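The structure under discussion appears below in the form of structure tokens.
Throughout, read-outs are computed from the coordinates displayed, never taken from laboratory work. This is a predicted model, so every value here is computed, not measured. Here the Cβ is made from the backbone with ideal geometry for all residues, glycine too, and neighbour counts use every protein chain on show.
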Amino acid sequence: VELGSSLDGVGFGVHDLGALQRCRTAADVVALVGAPPAGGEAQGRQDEPPIELPEVVAAPLRDAMAVVQRHFNGELLGTRVLGRAFIPRNRNVIVVANHTSHLDMGLVKYALGDYGEGMVSLGAQDYFFEGNRWKVAYFEHLTHVRPLDRTRGFRQSLRQAAAAVEEGNVVLIFPEGTRQTTGRLGEFKPLVGKLALDTGTDILPVHIDGAYEAMPKGAVVPKRRGITVRIGPPLEIRHLRRLTAGLRPADAARRVTALARTAVERLSRGAVLDLEREQPTIEALADRAPRVEDATARAFRSLPDRFDPARVERPITWYFTLGGPRWTVRVDERRCEVREGRPDGSADCVVKCSPELLVAMVEERYVPEPAEFMSGRIKTSDIPLLVEFSRVFALSDVSL
């Protein structure tokens, strides 16, 4: 009733409250009230048929490509691999690595050797499996990349990743979510921690040094040789469960994710994180999580990397009040501006929620449910523009 009244107050009357109660996401609400589709994509356009490649053709092509890729990622790039003795050859693992270059996936596979044959990599569906038909055919038939739909939210991503792990595959995840444009290690998304705990799978940390200098984001071909890949000891599930005993699932996932990031960061310095040997101090290490305000700032500052100018039709300003911290986000067809504080003028959309909910919306692609609007956990002056915020920054599937 409260949500219906709020919608009516901004010009979107709802006559069927039962239908409103059945809505599960903000996008469902927008569809119900009849808001125009975000993005204005042409409707009814006939998609081109996919390119099918028979397995009798694809299999030898994959074998030939594997030989070429081993030579390229090894000799041609001058790659040195350290720590292969840590590879647990009697079981599958979740491999986590830093991500700064398109070279990273092949470098990890090369570093793992025979253990990495058939390794499944989780790649963004909108990047690898949409658009050019030839590119889609390549990734569908000639690689072990599986689509991870990052527009459908945290739960869907978790289901897709868990399916790959539970099939017994060695699965590669880049927990930063996207290639880092600075070359420095970014924050890890909590998916990897939740995935390890839910599937009971060890995490194998890997650090790649030199790929950013060789082929950073935006480069088409490598510019230099000399890459080092370091493999660390597995973060065994028995230790991860011991260190998260008694924690809520969300907190446990964050703790495991923090440990995974620490393991990769240590490899960057030539050191390792051994959960068993460092038992007396590991609890304190795992608890060194960012403060809420730090996490909030991190979430907002990640928005420019997520920004898709092609999805912007007109300038929009959002103003977020988080019970203390205030942030302004403004986009137009060319750029995204994020800054702390109030907007200079009026905002097109005002959003009030907790810092924790905002971080979940950005970092976990969480979609608030109608009940959260009704309870006041999140409030907004314009629901369609809040949906547009998720769409512009690729936080959820809200295209209608």
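Among 272, 145, 168, pick out the residue whose Cα is farthest towards the positive end of the charge dipole of the stretch 144-285, where Lys and Arg carry +1 and Asp and Glu carry -1 on C-beta, about the Cα centre.
In the stretch 144-285, that residue is 145.
Mind listing the phi-derived Karplus ³J(HN,Hα) values for the stretch 48-60, rounded to whole Hz, using 6.51, -1.76 and 1.60 with θ = phi - 60°, and x for any glycine or proline?
The phi angles translate into 6, x, x, 8, 9, 10, x, 4, 5, 8, 5, 4, x Hz.
Compute the whole-percent fraction of alpha carbon pairs in the stretch 107-149 spaced more than 15 Å apart.
Details: 401 of 903 pairs.
In whole percent, the long-distance tail amounts to 44.
Straight-line reach from residue 352: which lysines have a Cα under 19 Å away, not including same-chain ones fewer than 8 places off?
379
Which whole-number percent is the relative contact order of the stretch 118-206 (Cα, under 8 Å, 6+ apart)?
28 percent
Average the reciprocal distances over every distinct pair of alpha-carbons in the stretch 43-200, invert the result, and give the Kirkwood radius in Å. Please list the in-between numbers first.
Details: mean 1/r = 0.0586 Å⁻¹.
By the Kirkwood definition, the hydrodynamic radius is 17.1 Å.
When only DSSP loop residues count, what GluC sites (Glu not before Pro) in the stretch 149-248 have their Cβ near at most 14 other Cβ atoms within 10 Å?
Hits after loop and neighbour filter: 167.
So which GluC sites (Glu not before Pro) in the stretch 54-156 are both in a DSSP loop and have at most 16 other Cβ atoms within 10 Å of their Cβ?
Passing sites in the stretch 54-156 are 117, 130.
Working out 0.36 nm times the residue gap between residue 219 and residue 238, then minus their Cα-Cα distance, what length gain in nm do you get to one decimal?
So the chain would gain 2.7 nm between residue 219 and residue 238.
With θ set to phi - 60° and the Karplus curve 6.51 cos²θ - 1.76 cosθ + 1.60, what are the ³J(HN,Hα) couplings of the stretch 203-212 in order, to the nearest whole Hz, using x for Gly and Pro?
Along the stretch 203-212, the couplings run 10, 10, x, 9, 10, 10, 10, x, 5, 5 Hz.
When averaged across all projection directions, what area in nm² does the alpha-carbon convex hull of the stretch 108-226 cover?
Averaged projected hull area, Cα only: 8.2 nm².
Which far-off residues, 5 or more places away or on another chain, put their amide H under 5 Å from the one on residue 227, with H placed in the peptide plane?
When sequence neighbours closer than 5 places are left aside, the close amide H contacts are 79, 80.
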